[in-house]
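Values quoted throughout were computed directly from the atomic coordinates according to the rules given, and no laboratory measurement underlies them. Owing to the predicted nature of the structure, the values given are computational and were not obtained by experimental measurement. Every residue, glycine as well, gets a Cβ built from its backbone with ideal geometry; the counts of neighbours run over all protein chains shown.
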Amino acid sequence: MARRERTQKTNAMRELERAGIPFTYFEVEETDLTRGLGLRMTQEAGVDPDSSFKTLVTVAPSGDHVVCCIPVGEELDFKKAAAAAGEKSLSMLPTKELEGVTGYVRGGCSPVGMRKCFPTLIDETAMLFDDIGISGGRRGLSLRLSPSDLAAFTGAILADITR
């Protein structure tokens, strides 16, 4: 009998398991690192793109970081996100700083398992679905879990944060 390859666990997977939060995962080999990775993954998985969320890390003028999870096909509304986070304004964290701040690389950033717990915002549309997809902590790995479990685990605020 052929031996099934095992997926190497990420920090996100380990933290969810430790917390007893059920999840499933989907993995694709990804070599193209251009924009649209999230949309391509939803197509391969055969799931609704509106139910798959990308993780964006932003910075407030104070230097504090805010994590924003929005549907993969949408754009972040910085004014709405800043208001939801109680900040004056937000801007994107420069890509070159992403790994140092979160422990994750571009295209593999998960709201779960970062080096530090940051305030997190999840677009309110997540609650329209029984489960949503988030990055599993590396490029090409997607986790699916309950949006209410994700919000509770990360202490997230649910808000309208897209354009």
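Before anything else, pin down the relative contact order of region 11-159: Cα pairs under 8 Å, at least 6 apart, normalised by residue count, whole percent.
The normalised contact order for region 11-159 reaches 28 percent.
Using a simple spin-label model with points 7 Å from Cα along the Cα→Cβ vector, what separation in nm is obtained for Glu75 and Cys117?
3.4
Please list, in chain and number order, the residues 5+ apart from Val66 or on another chain whose amide H is under 5 Å from its amide H, with Hs placed from the backbone.
Placed amide hydrogens put Thr58, Val59, Ala60 under 5 Å from Val66.
Please work out the Kirkwood hydrodynamic radius for the chain, using every pair of different C-alpha atoms, and report it in angstroms with one decimal place.
When all Cα pairs of the chain are included, the Kirkwood radius is 15.9 Å.
What are the aspartates and glutamates whose alpha-carbon lies under 16 Å from the alpha-carbon of Lys116, with same-chain residues fewer than 8 places away excluded?
Within the straight-line limit of under 16 Å, Lys116 reaches these aspartates and glutamates: Glu15, Asp64, Glu97, Glu99.
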